[in-house]
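Undergrad: Sharing a structure here in C-alpha cells format.
The values are calculated or read from the model by the stated rules, or taken from the named source; none is laboratory data. Owing to the predicted nature of the structure, the values given are computational and were not obtained by experimental measurement. Cβ placement follows ideal geometry from the backbone for every residue including glycine, while neighbour counts extend to all protein chains displayed. Note: areas computed on protein heavy atoms with side chains; ligands, DNA, RNA excluded. Shrake-Rupley method; radii C 1.70, N 1.55, O 1.52, S 1.80 Å.
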Amino acid sequence: MKPREVEGLDPQGPLGPNVDRIVATRLQELRDFAPDALAPAAGEPQHNMRIAAKRLRYVLELFVPCLGEEAEEARRAAKQLQTTLGDLHDCDLMLTKVDHISSVAALLQARRERQFNDFVKQWQAEVNQGTWSALEQSLSLLR
C-alpha cells in the first residue's frame, strides 16, 4: 500500500505546520480504513490499516516531544493496533498454508477471531476515549 501523499508541505517553512500536515494525513489514512477493516473477514483492509497505524506511530515517535501527551497516547494506541492487526494478518497468512490440515486451520481460525475481536475492542475504546480527536485538536495548536 502506497502512503497517502501529504499535500502542502513547505521544506523551507516552519516545522509546526509541516508536522501538522504529516500527522493529520497519517491519522486520516488510518481512520479511512476503519469502516472496511471492522468487517470480520476483511483481511486486506485490516492489513492496510496495520500499515497505516505503523506510519502514524512512526511519525508520532519522531514528534511526540513537540506534540505532547495527546500524541503520546495516540502513539501508544497506534502501536497496539499495529500489533493486533499484525497478529491478525499472521493468522491470515498461515491459514492459506494449512487449509488442508483441518485441526490446525480450526485453531488458527479461532485465534484469528480472538485477534479480530481484540482489534474491534481496541479501535472502539480509542474512539470512545477520544484518542484520535484529541490528537487532531492538539495539531491545531501548531497552525
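Undergrad: About the Cα centre, and with charges only on the beta carbon of Lys, Arg (+1) and Asp, Glu (-1), how big is the dipole of the chain? Nearest 20 debye, please.
TA: So the dipole magnitude of the chain works out to roughly 260 debye.
Undergrad: Now for a separate question. For the chain, what is the accessible area per residue in Å², given a 1.4 Å probe and the full set of protein chains? Numbers along the way, then the final one.
TA: Working: 7920 Å² over 143 residues.
Ligands and nucleic acids excluded, the result is 55 Å² per residue.
Undergrad: Comparing Leu56, Leu38, Leu81, which has the greatest mean-square fluctuation in the GNM of the chain with Cα pairs linked when under 10 Å apart?
TA: The residue that fluctuates most here is Leu38.
Undergrad: Relative contact order, percent, of region 48-143 when contacts are C-alpha pairs under 8 Å separated by at least 6 residues?
TA: On the way: 73 pairs, mean separation 30.0, N = 96.
Once normalised by length, the contact order is 31 percent.
Undergrad: Over region 1-95, what is the relative contact order in percent, taking alpha-carbon pairs closer than 8 angstrom and at least six residues apart? Please list the in-between numbers first.
TA: Working: 81 pairs, mean separation 23.1, N = 95.
Taking the mean separation of contacting Cα pairs over the length of region 1-95, I get 24 percent.
Undergrad: Now a separate question. Taking just the C-alpha trace of region 13-143, give me its Rg and Dmax in Å.
TA: Here Rg and the maximum Cα pair distance are 16.5, 59 Å.
Undergrad: Could you give the DSSP H helices of the chain that reach 15 angstrom or more along their long axis (alpha carbon positions) and whose average Kyte-Doolittle hydropathy is no lower than -1.0?
TA: Values: long enough: 15-37 (33 Å, -0.27); 43-67 (35 Å, -0.02); 69-98 (44 Å, -0.64); 102-129 (40 Å, -0.78).
Counting only whole DSSP H runs, the qualifying helices are 15-37, 43-67, 69-98, 102-129.
Undergrad: Among the lysines, which have Cα under 17 Å from the Cα of Lys2 when same-chain residues fewer than 8 positions away are ignored?
TA: The reachable lysines, counting only those whose Cα sits under 17 Å from Lys2, are Lys54.
Undergrad: If you take the charge dipole of region 1-136 about its Cα centre, with +1 on Lys and Arg Cβ and -1 on Asp and Glu Cβ, which of Gly130, Ala78, Ala42 is farthest toward its positive end?
TA: Positive-end residue among those listed: Ala42.
Undergrad: So, one more: Using a 10 angstrom Cβ neighbour count of at most 10 plus a DSSP loop assignment to flag exposed GluC sites (Glu not before Pro), which longest range of the chain is free of such sites? Walk me through the intermediate numbers first.
TA: Details: sites that count: Glu5, Glu7.
After excluding every exposed loop site, the longest remaining stretch is 8-143.
Undergrad: A further question follows. How much of the accessible area of the chain, in percent, comes from carbon and sulfur atoms when a 1.4 Å probe is used?
TA: Numbers: 4230 of 7920 Å².
Answer for the chain is 53 percent, counting heavy atoms of protein chains only.
Undergrad: Between Arg4 and Thr96, with labels modelled 7 Å along Cα→Cβ, what's the label distance in nm to one decimal, could you check?
TA: Rounded to a tenth, the inter-label distance reads 2.6 nm.
Undergrad: Here's another thing I want to ask about it. Which value in nm describes the separation of the simple spin-label points at Leu15 and Val127, placed 7 Å from the Cα toward the beta carbon?
TA: Label-label distance for Leu15 and Val127, simple model: 3.4 nm.
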